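Structure first, then comments.
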Amino acid sequence: MGGCCTSKENPVLPTDLLMSRPAGEELVPKRLPLDGKSLAIATHLITLFQQSQGNPQKELDRLLQELEGESTDYRIKRGLAHLLKSETFSTFEIISPLEPQLLRQRVFALSAPSPALPQTASATLTTLALQLSEELAYEVLPDQIRTGLYADLSENRILTQFNPPTPEALLHRYNLAQVQGIFYKASQIRINAHRNDPGEYKLLFRYLKLFGLMAYIEGDADHGFAIAIDGPSSLFKPSTRYGLDIAKMIPALLHVTKWSLSAELQIKDPYTKEQKTRRFSLNSGCKLVSHYPPGKPYDSLLESAFADRWATLKTDWILEREVDLIPIPGSVMIPDFRLVHPDGRSVLLEIVGYWRPEYLRKKFSQVRQSGCENLILAISERLNLEKAGVKVADTPAKIIWFKDKLLPKAVLAALEE
């Protein structure tokens, strides 16, 4: 089973580490060649992280600052280090015998002025160490308390684990991140997915759905699809999060064999502060490397948990994951599951969980346009459908409601009806 791509798997670069240059009307992001110089920088950085395991982040930051020195390529080194610090590769933890805030409270309470017994700092730590050793049933040393007092500050977190990429993989991730950053300022994006394996379309559409992107889709699996996506700059209120969601979609596009992309960007001139329109283009020959698995991502924990529960159910109904691709005007509908019975019956299942109002309106519009009568719609009771302007009554689907989790028995009951 392929995993959903979370923020842990999606380290991106902040705006100040993005590098690009204008070429006429086009904007060209920075890319590092996989040559000796770039590989040497990547190798050095990876080695620093490996050597820093067990040390606080401030020690790692000091080494990184020394590496940057006064070199003109400091932003490249800083960008590579930013990616290595992400949860994909590094685990920073708070190491303290007690939650630091509680530890501070205990220390301050013990060190409060007392006319009968004035406490020195050393005596306070020794006293608290004895108390905690008794409470926690293992030995706590005064130095552990001293270290743990402010262990919750980012600079004091300990690098407990580092999963090193190869230098080549780090450079590929950096080049992809620079391209992804282009889409933070996109106003319109158009993707032409040419004739490909239908499975590649499904994977791409799953990621569009996973990240909640507002896409208008035309075409079919035999001839290809044209996909128009509104960028964050086109929204009534520009959304940084939405721009990041678009950026996270790009690695999924790289799994499609043949495609081309064009985007309009709204860039603020650093001198005049005026908005300028730039263009960006990319195609399947870009030589970028995706770090996404080519498997089937679940859109949510709801779906993943439901599939796990169904696997333990004793029934003749077989649960299949997103196998139907239903073209509808302006979009494509891919129901979450298909349920197949040995007697030939086939029913589609769509789970509507926790989504934004515009997504809900689009989803119910798709259901109506699809005209599917063999569709079960499982809807969370947490959703405020009335506020989203959604009417359930005029949908052709069978409706079932659920609270915190969708139970297979509820779906089974609807199937048997």
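Key figures for this structure:
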read-out: Identity of the residue in region 46-66, under 28 Å from the mean Cα position of the chain (by Cα) and among the hydrophobic types (A, V, I, L, M, F, W, C), that ends up nearest to Ser154 (Cα to Cα); value: Leu60
read-out: Number of the exception - Lys77 against (1) closer than 27 Å to Ala177 by Cβ; (2) without any contact (Cβ under 8 Å) to a residue 12 or more places away in the chain; value: (2)
read-out: Members of region 140-181 found to be small (Gly, Ala, Ser) and either closer than 24 Å to Leu282 by Cβ or free of Cβ contacts under 8 Å to residues at least 40 places away in the same chain (or both), listed by number; value: Ala169, Ala177, Gly181
read-out: Yes/no for Asp35 being farther than 30 Å from Gly148 by Cα and modelled with pLDDT of 95 or more; value: yes
read-out: Residue match in region 133-143 (condition: surrounded by 15 or more Cβ atoms within 10 Å (Cβ to Cβ) and either small (Gly, Ala, Ser) or in contact with a Lys or Arg (Cβ under 7 Å, 6 or more places away or on another chain) (or both)); value: no
read-out: Within region 1-32, considering residues that are modelled with pLDDT of 90 or more and assigned to a helix (DSSP H, G or I), the one surrounded by the most Cβ atoms within 10 Å (Cβ to Cβ); value: Leu17
read-out: All strands (runs of 3 or more DSSP E) inside region 267-346 with 2 or more residues being over 25 Å from Val411 (Cα atoms) and at pLDDT 85 or above; value: 275-283
read-out: Residue within region 55-63 that is closer than 19 Å to Ala177 by Cβ, part of a loop (DSSP other than H, G, I, E, B) and either of a type in the set (Ser, Thr, Tyr) or assigned by TED's automatic domain parsing to the domain that holds Ala169 (or both) present; value: no
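The values are calculated or read from the model by the stated rules, or taken from the named source; none is laboratory data. No experiment lies behind these values; they were computed from the predicted model shown. In this analysis, Cβ positions are derived from the backbone assuming ideal geometry, glycine residues included, and neighbour counts consider all displayed protein chains.
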